[in-house]
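Below you'll find the structure, written out as structure tokens, and then a few comments.
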Amino acid sequence: MNRRKPQAAQQRPSLRRLLDHAHLRVALLAMGLTSLSLTLVSLLALSTYAGHNLQLIARSLAYPLEAAVVFNERVAVHDALEQICKTEEIAQVAVFDKDGELLASLDTPGNTVLNSAEQSIARLLLPDVVIQPITYQGQQIGALHLSGQGTTLLRFLIGGLLGLLASLGLKCAGCHLWLQAHTTGDYPAAAQPVTGGAQHFRRAHVQPACAGHPYRRPQRTGRRLQRPARST
Amino acid sequence: MYLTRILFMRTPRHLLCSVLLALLPALARAEASTPDSATLRANQVAHVVHGILSYARWPQQHDTLRLCVIAPTEYADLLWQNHELESRQPVQAKRLLVDSPLLETDCEAVYLGVIEDSQRIALFNRLVGKPILTISESSKACSEGSLFCLGISDKHVGFKVNLDAVARSGIRIHPNVLQLGRRAGPQP
């Protein structure tokens, strides 16, 4: 490249800058991949826990509903559902008696964009409908149908992605400064024997072809070659 | 109209008549299968009574629960039949007179029908403090000492509970049932 476009030699990026860029790129890539995979894995783990939580809610809701279902008390069933829906993340809950007749049902209203996103996430990651039989004296007297809301999952996902973006930005700013401060002369110095050998070869074999060119690299290499000797 | 005319013209009339006659019993059965209001209420009352009995615990547990039916009743007909809720403890129903001395000794539960006020008050005075679960058909009886009283309507049979009488009787009732009984009787 140098031989073909000698006039561009001045603008050519230094080795340090190249290394800095490569470093930054690798670091960003590694960071992005790691955090993306971490987000995905933890989202899966979270969805498993959310599924368990949904089953737990269904089981704990079946107990207070038992008497109300035995006595066919629709208002009592509705009240129990309302009480639990106030605190838990439930999209839809319905109670049926043993003949499959609906005793009471409750939907959490929501038509916003966030709600539809929650629903689609819940459809994707949560069990569709948790069906918990309501039993009394060993007999099934009814069933509870419960479907969850993806609020926590969506919050986690948005938080994770925002965190990823923020840390990538921080990395871009901070890593650049850090690299500049800490990895100044080590790599070029370590690469010096190779570059020295290459330049020696060029001086011996190639220089006649581009004689008269103001190539100043030999002076710099000369200076840099001495540095490891001084430090030892 | 045109179609029916064609049908009548083409098919022999006696065939049509016989088909209609054959369909009659099926139609009659369809009408008979929808229970009337009294049966519906009796069914629901039996369900609620067996439900209450299944949620109650007596100081001394018995193998069978003896349910005594007292006074003329409107909806007690199905209490003699087996019910799905008595799987844990079979219920044995029998009729007794109001002044029968067997009431205190032979009954764990009493189902009280329609009765004069003075007789009812006298009966509750006899039964107060004894481990006998009283269920009344009339909803006024709760204030007079009955543990449970039913509120009966076509759609739903609810019940009220007299917590004071429950506490004095020594019978333990499941708290969920007490909570249900605290809601005001029959529902719309």
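The values are calculated or read from the model by the stated rules, or taken from the named source; none is laboratory data. From a predicted model like this one, the values you see are computed outputs, not experimental measurements. Here the Cβ positions follow ideal geometry from the backbone for every residue, glycine too, while neighbour counts run over all protein chains shown.
Quick check on B:ASP99: is it among the acidic types (Asp, Glu), more than 14 Å from every other protein chain (Cβ to nearest Cβ), more than 30 Å from A:LEU65 (Cβ to Cβ) and in contact with a strand residue (DSSP E or B) (Cβ under 7 Å, 6 or more places away or on another chain)?
In short, no.
For residues in the stretch B:136-165 being among the aliphatic types (A, V, I, L, M) and touching a helix residue (DSSP H, G or I) at 6+ places or on another chain (Cβ under 7 Å), which is farthest from the other protein chains (Cβ to nearest Cβ)?
Restricting to residues being among the aliphatic types (A, V, I, L, M) and touching a helix residue (DSSP H, G or I) at 6+ places or on another chain (Cβ under 7 Å), the top hit is B:ALA141.
Would you check which residues across the stretch A:137-162 are within 14 Å of chain B (Cβ to nearest Cβ) and at pLDDT below 90 and list them?
A:GLN137, A:GLY138, A:GLN139
What tally of residues in the stretch A:76-103 results from selecting those that are in contact with a strand residue (DSSP E or B) (Cβ under 8 Å, 6 or more places away or on another chain) and within 12 Å of chain B (Cβ to nearest Cβ)?
Selection size over the stretch A:76-103: 5.
Go through the residues of the stretch A:71-90 one by one and say whether even a single one is in a strand (DSSP E or B) and on the phi < 0 side of the Ramachandran plot.
So far as the stretch A:71-90 goes, yes, one or more of its residues are in a strand (DSSP E or B) and on the phi < 0 side of the Ramachandran plot.
Collect the residues in the stretch B:57-115 that are at pLDDT 90 or above, among the charged types (D, E, K, R), surrounded by 14 or more Cβ atoms within 10 Å (Cβ to Cβ) and touching a Leu at 6+ places or on another chain (Cβ under 9 Å), keeping them in residue-number order.
B:GLU108
Looking at B:HIS50, is it on the phi < 0 side of the Ramachandran plot, at pLDDT 90 or above and within 14 Å of chain A (Cβ to nearest Cβ)?
Yes; evaluated as a whole, the condition is true for this residue.
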